[in-house]
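Asks: Input: one structure, supplied below.
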Amino acid sequence: MPSSPVAPPPERFNFAQHLLQRNAGRPAKPAFVDDRGSLTYGELDERTRRLAAGLRSLGLRREERVLLLMHDSREWPVSFLGAMYAGLVPVAVNTLLTADDYAYMLEHSRAQAVLISGALLPTLASAMVKSDHEVSQVIVVQPAAPLQPGEAEFEAFLAAHAPATKPAATAPDDPGFWLYSSGSTGRPKGAVHTHGNPYWSSELYGVGVLALGEDDVCFSAAKLFFAYGLGNGLTFPMSVGACTVLMAERPTPDATFRRWRGQTAGGTCPRPTVFFGAPTGFAGMLASPALPARSEVALRLVSSAGEALPAELGERFKAHFGVDIIDGIGSTEMLHIFISNLPARVRYGSTGWVVPGYDVELRGEDGLPVADGEIGDLYIHGPSAAIMYWGNRAKSRETFQGGWTKSGDKYMRNADGSYTYGGRSDDMLKVSGIYVSPFEVEATLVQHAAVLEAAVIGVTDADGLVKTKAFVVPKAGATVGEDELKTFVKDKLAPYKYPRQIEFVAELPKTATGKIQRFKLREREAAGQ
């Protein structure tokens with residue numbers, strides 16, 4: 001196994017205290033800026049410890065869970081860190097889900113309190129009606145209606161408690177927080193992360209690969225409740241004393257461009273120097289007529305994850321802004337990125353090289369390592385892996401295997417040591433007895449000037465053979481024919497890989513993170529729709 005380039009945390013380690021102590025010498029510096037103003041590191045320290053004291057006053061005990069259902073705002077890091085400081089376990093959940101989802105998460109996590117944005121309170125109320133689980137306190141940021149019994153206003157709750165004087169005596173391997181998987185199939189799984197896990201991802205990737213510094217201004221399209229967004233917008237910048245711009249609204253191209261130019265919905269913000277996005281978002285930005293000029297932005301580094309970045313997107317972005325997109329792969333289970341391109345070494349079309357401190361293996365169907373140039377299942381070994389899925393022994397055993405984490409992705413190792421994405425394990429197709437990567441076909445289709453997005457699945461023909469079918473979203477105002485696209489792919493890939501069918505659609509089904517949900521396209525085909 002690889003030796004880590006970073007010293008481990010001490011035996012007694014509270015991650016919230018670790019971040020606050022790192023920034024104790026810069027109390028007046030802005031830590032977070034949102035649409036309503038800024039929060040300095042000194043204010044963040046005091047408010048975090050006030051919240052910790054308040055949660056303790058409710059009688060909550062070590063390692064009990066607190067649901068965090070909140071739009072990205074200055075209150076989010078206070079809530080997340082305050083719970084960890086108190087030895088509680090924040091369960092950060094997606095703000096785009098349904099009342100049924102939240103009812104399940106309340107019961108599954110057994111959350112004893114909820115920290116929530118006022119705009120989401122009606123959905124939570126519906127969830128609590130559907131659930132038999134009761135919580136002791138609901139703490140509301142900016143309530144939009146009069147508070148009900150059992151509810152407290154966030155600012156008043158903080159003001160009612162003096163700051164806690166010391167953190168809970170946790171250790172690096174103690175449960176620190178939960179993140180739910182996206183749940184693309186079945187119920188979402190609660191990945192349990194430790195206090196030590198964000199320390200490792202911040203040091204190995206945030207510092208070791210991105211080389212973030214205190215002069216950086218970070219801005220992430222991925223929200224804080226995602227593993228990717230949590231690193232981008234909280235643990236990475238706070239580990240080095242940087243500033244983060246938070247955005248509650250959806251990361252549309254226009255909303256993103258405003259922040260790049262130093263504008264928020266309610267005022268101004270420092271122009272971001274580091275932006276974290278995803279390929280779907282980059283495609284929409286590059287297709288937008290409002291795309292900023294290079295001179296309007298202050299970007300020095302751009303990161304991408306969530307799905308593999310097509311080479312064409314990275315090259316077009318670099319041509320316009322003069323900045324590379326550093327593509328990488330991470331997961332909820334590993335907390336953040338473990339294979340990545342490097343700021344000084346970018347190979348578009350690949351996911352890059354293994355991040356120092358991690359190790360990976362590509363295994364075949366027989367469980368043995370495959371040779372370079374062959375596609376295999378990706379396994380990761382590293383210090384930021386979750387310890388289990390809560391209450392799901394079967395899935396835990398399937399994913400967390402003796403120090404290795406099975407990612408569910410197919411990859412190929414190139415001669416230069418970089419890795420190329422081959423698709424999700426359940427998305428791979430066998431056409432004419434040969435594996436075909438849907439992503440490879442999709443990445444080729446989007447190189448066509450008229451194509452905005454594409455998704456490829458396997459369909460069974462009249463002879464019972466699997467063939468490829470592409471769902472294509474054309475660019476606004478563009479026209480292209482099925483035969484033209486088939487010929488385009490044939491000219492660039494092996495003939496057996498071209499899509500036998502092409503269907504033009506207005507949009508593709510996606511998760512909240514922007515990942516294409518090919519399983520929904522397969523279900524649609526199976527239903528004959």
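The values are calculated or read from the model by the stated rules, or taken from the named source; none is laboratory data. None of these values were measured; they are calculated from a predicted model. Neighbour counts are summed over all protein chains in view; Cβ atoms, including those assigned to glycine, are modelled from backbone coordinates with ideal geometry. Note: areas computed on protein heavy atoms with side chains; ligands, DNA, RNA excluded. Shrake-Rupley method; radii C 1.70, N 1.55, O 1.52, S 1.80 Å.
Asks: Please work out if Leu378 is over 20 Å from Gly176 (Cβ atoms), under 20 Å from the mean Cα position of the chain (by Cα) and either open to solvent by less than 40 Å² (accessible area, probe 1.4 Å) or at pLDDT below 95 (or both).
Replies: yes
Asks: Which one is nearest to Lys410 (Cα to Cα), of the residues in region 283-306 that are part of a loop (DSSP other than H, G, I, E, B) and touching a Ser or Thr at 6+ places or on another chain (Cβ under 7 Å)?
Replies: Gly306
Asks: Let me ask another. Taking the residues in region 193-249 that are of a type in the set (Phe, Trp, Tyr), at pLDDT 95 or above and not in a helix (DSSP H, G or I) as candidates, determine which candidate is nearest to Ser340 (Cα to Cα).
Replies: Phe219
Asks: Give region 76-132 a look and list any residue that's acidic (Asp, Glu) and either at pLDDT below 95 or open to solvent by less than 10 Å² (accessible area, probe 1.4 Å) (or both), or say none.
Replies: Asp100, Asp101, Asp132, listed by residue number.
Asks: Using beta carbons and a limit of 9 Å, which pairs, at least six apart or on different chains, have the first residue in region 379-399 and charged (D, E, K, R) and the second one open to solvent by less than 60 Å² (accessible area, probe 1.4 Å)?
Replies: Lys395/Lys189; Lys395/Tyr389
Asks: Given the condition of a type outside the set (A, V, I, L, M, F, W, C), farther than 18 Å from Val302 by Cα and either more than 18 Å from the chain's Cα centre (by Cα) or assigned to a helix (DSSP H, G or I) (or both), answer yes or no: does some residue in region 340-357 qualify?
Replies: Scanning region 340-357, I find at least one residue that is of a type outside the set (A, V, I, L, M, F, W, C), farther than 18 Å from Val302 by Cα and either more than 18 Å from the chain's Cα centre (by Cα) or assigned to a helix (DSSP H, G or I) (or both), so the answer is yes.
Asks: Pull up region 513-527, narrow it to residues that are part of a loop (DSSP other than H, G, I, E, B) and surrounded by 15 or more Cβ atoms within 10 Å (Cβ to Cβ), then point me to the one that is modelled with the lowest pLDDT.
Replies: Thr513
Asks: Out of Glu75, Glu46, report the one residue that is acidic (Asp, Glu), more than 23 Å from Ala144 (Cα to Cα) and in contact (Cβ under 8 Å) with a residue 40 or more places away in the chain.
Replies: Glu46
Asks: Additional query: Would you say Val466 is in contact with a helix residue (DSSP H, G or I) (Cβ under 8 Å, 6 or more places away or on another chain) and of a type in the set (A, V, I, L, M, F, W, C)?
Replies: Here the answer is no, as Val466 does not meet what is asked.
Asks: Please go through region 21-62 and give me each residue that is over 27 Å from Val135 (Cβ atoms) and among the hydrophobic types (A, V, I, L, M, F, W, C), ordered by number.
Replies: Passing the criteria: Ala24, Ala28, Ala31, Val33.
Asks: Looking at this structure, is Gln142 surrounded by fewer than 21 Cβ atoms within 10 Å (Cβ to Cβ), at pLDDT below 95 and farther than 21 Å from Asp100 by Cα?
Replies: no
Asks: Output the strands (runs of 3 or more DSSP E) that fall wholly within region 426-505 and possess 1 or more residues being at pLDDT below 85 and open to solvent by 60 Å² or more (accessible area, probe 1.4 Å), or say none.
Replies: By residue number, 429-431, 434-436, 451-460.
Asks: Follow-up. I'd like to know if region 272-282 contains one or more residues that are farther than 26 Å from Gly42 by Cβ, hydrophobic (A, V, I, L, M, F, W, C) and either open to solvent by 10 Å² or more (accessible area, probe 1.4 Å) or modelled with pLDDT under 95 (or both).
Replies: Checking region 272-282: at least one residue is farther than 26 Å from Gly42 by Cβ, hydrophobic (A, V, I, L, M, F, W, C) and either open to solvent by 10 Å² or more (accessible area, probe 1.4 Å) or modelled with pLDDT under 95 (or both).
Asks: Follow-up. Just to be sure I understand the filter: pairs with C-beta atoms under 8 Å, separated by 6 or more residues or on different chains, first member in region 145-165 and under 9 Å from Arg50 (Cβ atoms), second member open to solvent by less than 70 Å² (accessible area, probe 1.4 Å) and assigned to a loop (DSSP other than H, G, I, E, B). Which pairs pass?
Replies: Partner pairs satisfying both residue conditions: Ala164/Ala86.
Asks: Condition first: closer than 27 Å to Tyr41 by Cβ, touching a Lys or Arg at 6+ places or on another chain (Cβ under 8 Å) and of a type in the set (A, V, I, L, M). Now tell me which residues in region 82-136 satisfy that.
Replies: Ala86, Leu88, Val89, Val91
Asks: Taking region 348-367, which residues are surrounded by fewer than 19 Cβ atoms within 10 Å (Cβ to Cβ) and modelled with pLDDT of 95 or more?
Replies: Within region 348-367, Tyr348, Pro356, Asp359, Glu361, Arg363 qualify.
Asks: Just the residues that are out of contact with any Ser or Thr (no Cβ under 7 Å at 6 or more places or on another chain) and open to solvent by 20 Å² or more (accessible area, probe 1.4 Å), please, taken from region 166-196.
Replies: Lys166, Pro167, Ala169, Ala171, Tyr180, Gly183, Thr185, Gly186, Arg187
Asks: When both residues are 6+ apart or on different chains and their Cβ atoms are under 7 Å apart, which pairs have a first residue that lies in region 107-124 and is free of Cβ contacts under 8 Å to residues at least 40 places away in the same chain and among the polar types (S, T, N, Q), and a second that is in a helix (DSSP H, G or I) and open to solvent by 10 Å² or more (accessible area, probe 1.4 Å)?
Replies: Thr123/Ala99
Asks: Does Leu362 qualify as being out of contact with any helix residue (DSSP H, G or I) (no Cβ under 7 Å at 6 or more places or on another chain) and within 17 Å of Lys406 (Cα to Cα)?
Replies: yes
Asks: Does Thr268 satisfy the criteria of being among the polar types (S, T, N, Q) and surrounded by fewer than 16 Cβ atoms within 10 Å (Cβ to Cβ)?
Replies: Yes: the conditions hold for Thr268.
Asks: Output the residue which, of all residues in region 197-211 that are buried (at least 22 other Cβ atoms within 10 Å of the Cβ) and of a type in the set (Gly, Ala, Ser), is farthest from Ala7 (Cα to Cα).
Replies: Looking at residues that are buried (at least 22 other Cβ atoms within 10 Å of the Cβ) and of a type in the set (Gly, Ala, Ser), I get Gly206.
Asks: Here's a follow-up. I'd like to know if region 257-264 contains one or more residues that are at pLDDT below 95 and under 18 Å from Val93 (Cβ atoms).
Replies: For region 257-264, residues at pLDDT below 95 and under 18 Å from Val93 (Cβ atoms): absent.
Asks: Please indicate, with yes or no, whether at least one residue in region 45-53 is out of contact with any Lys or Arg (no Cβ under 8 Å at 6 or more places or on another chain), more than 30 Å from Lys29 (Cβ to Cβ) and not small (Gly, Ala, Ser).
Replies: no
Asks: Can you find a residue that is aliphatic (A, V, I, L, M) and more than 23 Å from Ala227 (Cα to Cα) anywhere in region 267-282?
Replies: Checked region 267-282: no residue is aliphatic (A, V, I, L, M) and more than 23 Å from Ala227 (Cα to Cα).
Asks: With the structure loaded, tell me whether Leu335 is crowded, with 24+ Cβ neighbours inside 10 Å and part of a loop (DSSP other than H, G, I, E, B) or whether it fails that test.
Replies: Criteria met by Leu335.
Asks: Filter region 307-323 down to the residues that are in a loop (DSSP other than H, G, I, E, B) and closer than 21 Å to Glu440 by Cα, then identify the one that is modelled with the highest pLDDT.
Replies: Ranking the candidates gives Leu309 first.
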